[in-house]
Structure formats: structure tokens, C-alpha cells
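> Here you go, one structure.
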Amino acid sequence: MLFKRPRGTQDILPPEVYSWHKMEDTIRSVCAAYGYEEVRTPIFEYTELFNRGVGETTDIVEKEMYTFSDRSGRSLTLRPEGTAPVVRAYLENKLYAEQPVTKLFYIGPMFRYNRPQAGRLRQFHQFGVEFFGSPLAQADAEVISLCLEFYKCLGLKEIKLLLNSIGCKVCRPFYRKALQTYFKAYLNELCPTCQGRFERNPLRILDCKSESCRQIAEEAPLITDYLCEDCKSHFEELKGYLKVLALDFSLDPRLVRGLDYYNRTAFEVVVEDIGTQSSLGGGGRYDDLVEECGGEPTPAVGFGIGLERTLLALQNQGILEEKKKTIDVFVVKAGKNMEKESLLILYNLRREGFKADQDYSGRSLKAQLKTADHLQAPFSIIIGEDELQRNKVVLRDMQNGSQQEVLWEELMPQLKRRLEKDE
Ligand code: HAM
């Protein structure tokens, strides 16, 4: 073998691809129920969008982006996430002019250069939603409820919603200061990355996975003690709405998320049994991003869900049974020179909506019937010269082996009836 797929990527093959269809169908039906429409943005964007949008000091921008120059020397980046591109598309296409709020969803591949492990890939897929135009906690509640509804519809159990408010432009600077005052005493004990974060983005220290930083962070001041009145009442309202919807949540005052654009609501959905990468999805409010990308001030809230991780969780809980390819009917050529006839019959069957197939390796009648059995086709149609001259074909019931001659015009209605009876 000469070639292998790049590290951190996956081939999604049948039968697993049917689980992807199931997730995608669920996404489409849940989003339709909640009034979200699909948007498809390019897989690469100009690099500045992510530098500005995601934040210069985030791990994503600092070390995880697939950035390259195109032939004209412009710097492009494979999208590491979906929010910044959707904000760009929202502004560029003036979607804000159409309605007071805009509700969008997307499904697609994202790219991050990190160390691959179970549930962490370099090309992975996200389902995300972005809700533009409402500052109200009702919007946050809707987005969170949609996120949980997706898992519910898939049948996933034991998922936990972690919730926090991380303040806004008004109150966060005070919290930032309090964090710096606290961490200053431990500066030498922090990991080198967090020493760098101390000045530039001390909130990110709370998210560090290193044991020493985690221990130090345990006693750090909590954002919830620094929220301004507006942030506090927004958070209280949201919690009230979640209670009305009977959506359980755990408050996690250390939840800060890895992207810089969030304010107020931050949330994550975790599941216990998929190992270290337990975060299935997350999101929050980002009221300043649209303005930072050149638009009018526009409040927004959204989330992104990792589909590979969702699939792992579904597999661990034994929820997705793997489907096999099914067909309705197999066309069997009895005798030579039946290729044109079988092609035509297949073409017509397929146009009528039957799942139909045939042999493509010139095998004997017996071998063709074996293939039909292998494919678990409930019926096969045997075409032979004699029958064709009488405008007939042979319909064979593959379960009991019974055969009957059927007039060509009668074939499709009869096949339809018998398939329906079989169900
Ligand atoms: P995020 O937390 O960076 O948020 O990613 C969301 C989800 O994508 C994660 O919870 C995880 O399931 C999945 N994910 C992230 N990185 C990987 C990876 N390397 N391999 C596999 N899965 C991964 C965002 O991306 C935000 N744009 C979410 C958002 C939308 N916030 C507001 N709107």
C-alpha cells in the first residue's frame, strides 16, 4: 500500500456511515422544530477571521490552526470552528436585514492540529447553531434546550449540563485583576504555558489540564462573585427558564471554555463514559463578536457539538445498532446476452423507487441467486430469452424459492404489493 490517510483523520465507511445519517437526520428534524435554517460556509477562510474571531491568545489560534499561503500569497486557514465563519457569512450576506433574529445551524468538518487520541481528531465534524439578535436569556435557554434535545432524540443517557456565567466587558476586568492578584503568588509553580497566560489571558489558567495548575486554581477567586448586576440577573433568569423546562444543570464556576469570544453564559455538555475527552459539546453567549467582525452590535448565542464524540458515546451506551445495506430486488440474467435487457429493467425499477441491483461479474445463474441471498433481497427477477419473447419475467420469492411468471406490465405493481405484504 502506497498511501495512508493523514494522522488524526478518519474514513467513515459503511455500515458506520448509517449512524452518521441517523445523527444528521436528527439534527435536521430538531433544528426544523426549533426554527433554525442550515448554512454552509467555505471550509477555508482568510486567516485574520480566526485570529480576530477566536482570539490571538487561544490554543486554537496559537498552536492548532492549519494555516497556509495560497498561490497568490494570501494566508488561508482550514476552519477550526464554525462560529467565526457563520458570523462572517451573517455580515457579508446582510442576513441581519431580513428579520430581527436569525437562527442558523451547520454540520461539517473542522480542522485542528492537536495530538490525536480517542475522541480527538485533526479533522472532526461539528453540528453547531448560532442565534443572532436577541440579548434575552430566553434565547440562551432555547439554544441549550435544542442542544439537549438532540441528545435526547438520539437516546443518549447520563449526559450532564455544566453551566456558568463568565461576565461581560463591564465586570470581567475586575475578575481578571482578582485572578492576577491570586495567581501572582504562584507564578513560579504554574506550567510554562500558564505563565505566559498570566499576563495575556489569566482566565485560561482555570482551564489548564496540568495537575499543578489545577491544584493552584482550586482556590482561585470565582467569576460568579464578580458578576455585575446585569450579568447576575441574566444568569438568574436563564436558570429559572431551565428549571421551567426541567433541564437539570450543575453550576461550574470554573468553566471558562477555550475560545475568547464568550461573555455571560458558558455551558458544556459532558458524558461520563467516553474517557478523557468527555466534553461532547459546548457553547455560550458572544455578544461582542459581530461588532468585532465589523458589524453593528448584535447579541448572539450558540453551541458546537462534536459528532465523533457523540458517536463514541452512543456506541459506548450500545444505542446505535449498525444497519446493513438492504435491497428490494436482484435482477438475475438467465443465459447470455441479457445485459441490455437487465440494464433496462434495472433502470426502470430504480426510477420507480425500488432498491435494485444485479451481478456485474458475468457469473452463473446459481451464483447470481447466491448473491441475491447474500444481499438478503426478498425477491429476484429472472430474465430469460423465452420469457422475454412472451413479454414476461420470472419473479422469485427468495425466502421460499417459489417462482411465477409475471407479465412485464404487471411486474412493478405486483412487486410493490408483495414487498408491502412482506413488511
Ligand atoms: P469547542 O468547545 O471548541 O467550541 O468545540 C465544540 C465541540 O467540538 C467540543 O465539545 C468537541 O466535542 C468537539 N471538538 C473540538 N475539538 C475536537 C477535536 N480535535 N476532535 C474531535 N472533536 C472535537 C466551538 O468550536 C464553538 N464554535 C462552539 C460555539 C458555537 N459556541 C458558540 N457557538
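Derivation of every value follows stated rules applied to the coordinates shown; laboratory data play no part. Remember, it's a predicted structure, so these values are computed and weren't measured experimentally. A quick note on method: Cβ atoms are made from the backbone with ideal geometry, for glycine too, and the neighbour counts reach across all protein chains shown.
> Over the stretch 239-370, calculate the relative contact order: mean separation of alpha carbon pairs under 8 Å at least 6 apart, over the residue count, as a percent. Mind showing how you got there, number by number?
Details: 138 pairs, mean separation 19.6, N = 132.
Answer for the stretch 239-370 is 15 percent.
> How about the stretch 336-408: which chymotrypsin sites (Phe, Trp or Tyr not before Pro) there are in a DSSP loop, with at most 14 other Cβ atoms within 10 Å of their Cβ? Show your work: numbers first, answer last.
On the way: sites: Tyr347, Phe354, Tyr360, Phe379, Trp408; in loops: Phe354, Tyr360.
The qualifying sites are Tyr360.
> Among Leu162, Pro253, Val269, whose Cα lies farthest out toward the positive end of the dipole of the stretch 162-289, if unit charges sit on the beta carbon of Lys, Arg (+1) and Asp, Glu (-1)?
The residue sitting farthest along the positive end of the dipole is Pro253.
> A further question follows. Determine the dipole magnitude for the stretch 89-130: charges of +1 sit on the beta-carbon of Lys and Arg, -1 on that of Asp and Glu, nothing else is charged, the reference point is the Cα centre, and the result goes in debye to the nearest 20. Before the final figure, lay out each step's value.
Values: 6 positive and 3 negative charges, 75 e Å.
Computed about the Cα centre, the dipole is about 360 debye.
> Share of antiparallel DSSP beta bridges in the chain, in percent to the nearest 5?
On the way: 52 of 64 bridges.
Antiparallel bridges: around 80 percent, rounded to the nearest 5.
> What Kirkwood hydrodynamic radius, in Å, does the stretch 308-423 give when the mean of 1/r is taken over all pairs of distinct Cα atoms and then inverted?
Details: mean 1/r = 0.0650 Å⁻¹.
Hydrodynamic radius (Kirkwood, Cα pairs) of the stretch 308-423 is 15.4 Å.
> Hey, another quick one. How high is the relative contact order of the chain, given as a whole-number percent (alpha carbon pairs under 8 Å, six or more residues apart)? Please list the in-between numbers first.
Details: 702 pairs, mean separation 64.3, N = 423.
Computed over the chain, the figure is 15 percent.
> Taking springs between alpha-carbon atoms closer than 10 angstrom, which of Ile12, Ile327, Ile166 fluctuates most in the Gaussian network model of the chain?
Ile327
> Could you tell me which of rounded, prolate or oblate describes the stretch 49-116, using a ≥ b ≥ c as the square roots of the eigenvalues of the alpha-carbon gyration tensor, with rounded for a/c under 1.5 and, failing that, prolate when a/b is larger than b/c and oblate otherwise?
Working: a/c = 2.22, a/b = 1.69, b/c = 1.31.
Prolate is the answer for the stretch 49-116, as a/c is 1.5 or above and a/b outweighs b/c.
> Take the alpha carbon atoms of the stretch 22-82, find their radius of gyration, then divide it by 2.2 N^0.38 Å using N residues; give the quotient. Walk me through the intermediate numbers first.
On the way: Rg = 15.4 Å, N = 61, 2.2 N^0.38 = 10.5 Å.
So the stretch 22-82 has a normalised radius of gyration of 1.47.
> OK, next. Cut-off 10 angstrom, C-alpha nodes, Gaussian network model of the chain. Which of Val329, Val87, Val270 fluctuates the most?
Val329
> Rank Gln117, Gln215, Gln403 by mean-square fluctuation in a GNM of the chain with C-alpha springs under 10 angstrom and give only the top-ranked residue.
The residue with the greatest mean-square fluctuation here is Gln403.
> At 222 nm, what value in deg cm²/dmol follows for the chain if DSSP H runs of at least 4 each add -39500 (n - 2.57) and the sum is divided by all its residues, to the nearest 500?
Values: 14 runs with 158 residues, N = 423.
It comes out at -11500 deg cm²/dmol, rounded to the nearest 500.
> Specify which residue in the list Ile327, Leu314, Tyr106 is farthest towards the positive end of the charge dipole of the chain, using unit charges on the beta carbon of Lys, Arg (+1) and Asp, Glu (-1), about the Cα centre.
Of the listed residues, the answer is Ile327.
> Let me ask something else about it. Would you tally the net charge around Arg115, using a Cβ to Cβ cut-off of less than 13 Å, leaving Arg115 out, and scoring K and R as +1, D and E as -1?
Working: positive: Arg7, Lys63, Arg112, Arg120, Arg122, Lys209; negative: Asp59, Glu64.
Local charge sum for Arg115: +4.
> Also, quick follow-up: So how strong a dipole does the chain carry about its Cα centre when Lys and Arg Cβ are +1 and Asp and Glu Cβ are -1, to the nearest 20 debye? Display every interim value, and only then the final one.
On the way: 58 positive and 63 negative charges, 218 e Å.
Here the size comes out at about 1040 debye.
> Hey, another quick one. Give me the percent of Cα-Cα pairs in the stretch 301-358 that sit more than 19 Å apart, rounded to a whole number.
Working: 948 of 1653 pairs.
When every Cα pair of the stretch 301-358 is considered, 57 percent fall beyond 19 Å.
> If you don't mind, there's one more thing I want to ask. In debye, nearest 20, what is the charge dipole magnitude of the stretch 207-310 about its Cα centre with +1 on Lys and Arg Cβ and -1 on Asp and Glu Cβ, if you could check?
On the way: 10 positive and 21 negative charges, 52 e Å.
It works out to roughly 260 debye.
> Take the Cα atoms of the chain, find their three principal axes, and give me the spread along each one in whole Å, biggest first.
Answer, in whole Å and largest first: 93, 52, 43 Å.
> Just need the relative contact order of the stretch 1-80 here, percent rounded to a whole number, with Cα pairs under 8 Å and 6+ apart. The partial results should precede the final answer.
Values: 45 pairs, mean separation 18.9, N = 80.
Result for the stretch 1-80 is 24 percent.
> Still on this structure, I have one more. Please compute the volume of the convex hull spanned by the alpha-carbon atoms of the stretch 185-291 and report it per residue in Å³. Don't skip to the answer; put the middle values down first.
On the way: hull volume 15.0 nm³, N = 107.
Each residue corresponds to 140 Å³ of Cα convex hull volume.
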